[in-house]
Structure formats: C-alpha cells, structure tokens
Amino acid sequence: MSRYEEAKKMYAAYGVDTEEALRRLKEIPVSVHCWQGDDVLGFDGSDSLSGGIQTTGNYPGKAVGPEQLMADIKKAFSLMPGKKRLNLHASYAVLGADKGKVDRDAYTYKYFEPWVKFAKENGISGIDFNPTFFAHPKMKDGLSLSSPDEPTRKFWVDHGKACMKIAAELGKAMGSPCLVNIWIPDGYKDIPADRLSPRLRLKKSLDEILEDYDKEWVIPAVESKVFGIGLESYTVGSNEFYQNYAAKAGICCLLDNGHYHPTEVVSDKIPALLAFYDKVALHVTRPVRWDSDHVVLFEDELKEIAKEIIRNGAEQKVLIGLDYFDASINRIGAWVTGERSMQKALLFALLLPNETLKELQDTANFGKLMYLNEELKLLPLGDIWNEYLARQGMNNEWYAEVEKYEKEVLSLRK
Ligand code: RNT
Ligand code: ZN
C-alpha cells in the first residue's frame, strides 16, 4: 500500500475524508502578491520605499522592470501548488513610453493589459488590485487621503478613482471580481494635536472614491493598521475607523495579521467579522516583533487562521491574500515558501474532523477535545501533502529549481 493509502486510512479512522480535503484545497484561491519580487518598488519611478514599511536585505537578483518581474512570477508560480490569483499594486503599471509623462491620478487600464495577458497565459484565476498611496513625491508630509492640503488630497482621491476603474476592467477581463484594497500609510510620528480631522478627511476621501464603481466586478476593501515605522503615535486608518467605515459603506474589511497589537490574533477576528460581513479579506504575513512582513511559515497562528476559514465553510467568503517581502534571501524561494505554507495550513485544517470537534465543545467535553486536538497534530499530514503535490505534477524538491534559476537568470542581473 502506498504511503498515501495508509495515511488515508489513518485519517478515515477519525472520520476524515482525505479525498474531499484534496478536492476542496485545490479550489481555494490564494492571491499571491507581485511585490515580493522587487522589494515593493514598482515600476513607476520610485527607488526607495516609504510609508512606514520596510524591506530589509539586498540579496542579489531583484527584478527590475515588467519583463523580469513577470519571468520571476512565472517561475515562482510554477512551484506553487493550488489555485492562484495575482495581486498587483498600481505602482506596477506597465507605462512604456508614457513613463514620466503620466502620473498615478491618470493611470488607466491599458497600463495593466500586459498583466492580464500574462495572467491568462499562465493559468492565473483572477487579478486583485491595490492603489499605491506611498513611495511617491505627491505624498505631502507623509499624508495622502487624509492630507489637509486640498490639491494633495484630491490627487490621491483621483488615484483611488482611477484604480476603481482599472479594477473593473481587470475583473471583467479575468471573469472574476477584483478585490481593491485601500491601505494608506497616513499617520504621525509623535503625539497629534488633532486626531479627528485627519479621520474626517479620510472618510470624505473614501466616500469620493467609492461614489461610483462597478459593483459586479469590484470588491472594495480597507486595510487598517496600528502603526508604521516613523509613524508610531497615530495611524489615521485605524482598526475602529475602518471597521465602522466598512460596515456603513457596505464594503469589505481587510485584516493583515501584522497590523494588530501582539496578543491580538486575526484568527479570532475572522469569525467576528463573518457574523456581520459577507466577505472578509486577508493579508497573510508573519510579523516578528513588529509588522516586519517576514515570509509566511507553517506556524500555529497560520493554522488557526486556516481553521477559521475551513470549519466555517468560508473558503469563498474569506479572500486570502499574501503580503510579505524579504530581500535578504532568494526572492523566488521566499515567495514559494510562503505560498506553500498557506497551502499546508489549509490542508491541515481540511484534515481535521471539524464536526466532531465542535460537538465536543458543545457538549462541554473539553478534556476529550484537548486529547483529540493533540492526537490530530501527529497524523501523517506530509503524506497527504505529497499526494496533493504529485497530483499537480509537483514535489518537495522545488528548491533545486530555485537554485538553477538563480544561477542561470538572477545572478546575471546587475
Ligand atoms: C502595509 C500594508 C500593505 C502593504 C502592501 C504593499 O503595512 O500591509 O498591505 O504591505 O500594500
Ligand atoms: Zn498588508
């Protein structure tokens, strides 16, 4: 009997159907961020990051320009199992001859058509989109949508509006609604003199951006944050602000698990929001001491997040996106490790006898619940994982491909 067949039997003894788990897993879309490949720089002129986020490291081989980034994404995606979407930032506009002539408030769909072509050629199931409110000279005093300077605020509102239009086209072209996630870095390093006015300006800006958009193809979301580097004292787009805004505006919240106080967990926030919202979006990352955006690993909180998605049957309601950027190691390897970790966590959650566990909770049989949860941790997950990979023509020897690509492609880049 093969290892998979044996493992299948062991799970069956707990009432778990591994075939069903494998079937469900390959249908769960994971939106993979384009920005791991070039340290979040984009193509529209910025040569350094701002907005309180940081990539650290200078491992050679970073992608410069659309051609290189697309080649790297293609390589990385070929090593990632499962159903993948591509998550783009507006700063990844393919401007061609218009570079330097057109600014972010005037971007249109044509600058993203090459991405649609690329996605279609590479079996990518959808595209998600993010306006880029950072790393740009029009950020005045570090502020965008909450700026007290009206021309600045207007520029960024126009960028937001332009992005909503682009997203509608992306959604339509891909035949799959496009999540548009709004994150702004706006905040203050030190104790503010006025905490309300910036939030009222942000509210107004969001209202203007959302005035008119394509409800069929665009899913707007807002991403809150607790603080950024250099913006430690105050964040305009805080959790309470955005959660209330989203509830009133009928849009979606995006939870980034690097954006909360250290003992708060996104796994607990997902079901809280599912009680009120039809959809919840995620940025899955790995915060180490701060919102450091380390590569996602197969760790406990990731498993808890996956459990909340799976046992609530919320695979189509929770829009999973990845958000990490490590510039200190091979970037393709970083990308693939993170995506595979997400897949492993989902598989782990799919292989739990969730109904049995809920029943133990409801009958207050907590001792047995604890016992069972511990036993389940040591079941042969790896054998089911290998089968999942094998059925997609993949295996666990993928790092050799990364090394080969580094030698043949990345190391030749200047
Ligand atoms: C920043 C947010 C935001 C960015 C990306 C690049 O703290 O997490 O989502 O990481 O938009
Ligand atoms: Zn994020």
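No value in this document is a laboratory result; all are computed from the given coordinates. Note that the coordinates shown come from a computational prediction; the quantities given were computed from them, not determined experimentally. Reconstructed Cβ throughout: ideal geometry from the backbone, glycine too, with neighbour counts over all protein chains shown.
Using the average count of surrounding beta-carbon atoms within 10 Å as a protection proxy, the listed peptides 381-394, 118-131 rank, highest first, as 118-131, 381-394. Helical content of the chain, expressed as a calculated mean residue ellipticity at 222 nm, amounts to -13000 deg cm²/dmol (DSSP H runs of 4 or more residues, -39,500 (n - 2.57) each, divided by residue number, nearest 500).
Here r is the Cβ-Cβ distance between residue 412 and residue 358 and R0 is 41 Å; the resulting FRET efficiency, rounded to 0.05, is 0.15.
Here the extension length gained between residue 110 and residue 233 equals 40.3 nm, from 0.36 nm per residue of separation less the Cα-Cα distance. Amide H to amide H distances under 5 Å link residue 31 with 85, 320, 321, 322, where only residues 5 or more positions off or on other chains count and H is placed in the peptide plane.
Bridging of residue 84 to aspartates and glutamates at a Cα separation below 18 Å is possible for 27, 72, 121, 128, 315, 323, 339, once same-chain residues fewer than 8 apart are set aside. Could you tell me the calculated FRET efficiency between residue 103 and residue 3, based on Cβ-Cβ distance and R0 = 35 angstrom, to the nearest 0.05? The calculated FRET efficiency here is 0.05. Our coupling estimate for region 117-124, obtained by passing each phi through the Karplus curve with A = 6.51, B = -1.76, C = 1.60 and θ = phi - 60°, is 4, 4, 4, 5, 5, 10, x, 7 Hz, Gly and Pro reported as x. Each residue of region 31-36 was assigned a 3J(HN,Hα) from its phi angle through the Karplus expression (A = 6.51, B = -1.76, C = 1.60, θ = phi - 60°), giving 8, 9, 6, 6, 7, 5 Hz with x at Gly and Pro. Compute the long axis of helix 366-377 from its Cα atoms, compare it with the longest principal axis of the Cα atoms of the chain, and write down the angle in degrees, 0 to 90, nearest 10. That works out to roughly 80 degrees.
How high is the FRET efficiency from residue 13 to residue 399, r the C-beta distance, R0 45 Å, rounded to 0.05? Using R0 = 45 Å, I get an efficiency of 0.85.
Restricting to Cα atoms and excluding each atom paired with itself, what does the Kirkwood estimate give for region 47-195 in Å?
Details: mean 1/r = 0.0594 Å⁻¹.
Every distinct Cα pair counted, the radius reaches 16.8 Å.
3J(HN,Hα) couplings calculated from phi for region 58-68 with the Karplus curve 6.51 cos²θ - 1.76 cosθ + 1.60 (θ = phi - 60°) are, in sequence order, 9, 4, x, x, 4, 6, 10, x, x, 4, 5 Hz; Gly and Pro show x.
Taking 27 Å as the cut-off for C-alpha to C-alpha distance, list the pairs among 83/165; 110/248; 62/203; 75/344 that go past it.
Details: 83/165 25 Å; 110/248 33 Å; 62/203 37 Å; 75/344 20 Å.
Long pairs (Cα-Cα over 27 Å): 110/248; 62/203.
GNM on the chain, alpha-carbon springs under 10 angstrom: the most fluctuating residue among 337, 132, 356 is 356. Dividing the radius of gyration of the alpha carbons in the chain by their Kirkwood radius gives 0.97 for Rg/Rh. Projecting label points 7 angstrom from Cα along Cα→Cβ for residue 78 and residue 122 puts them 1.1 nm apart.
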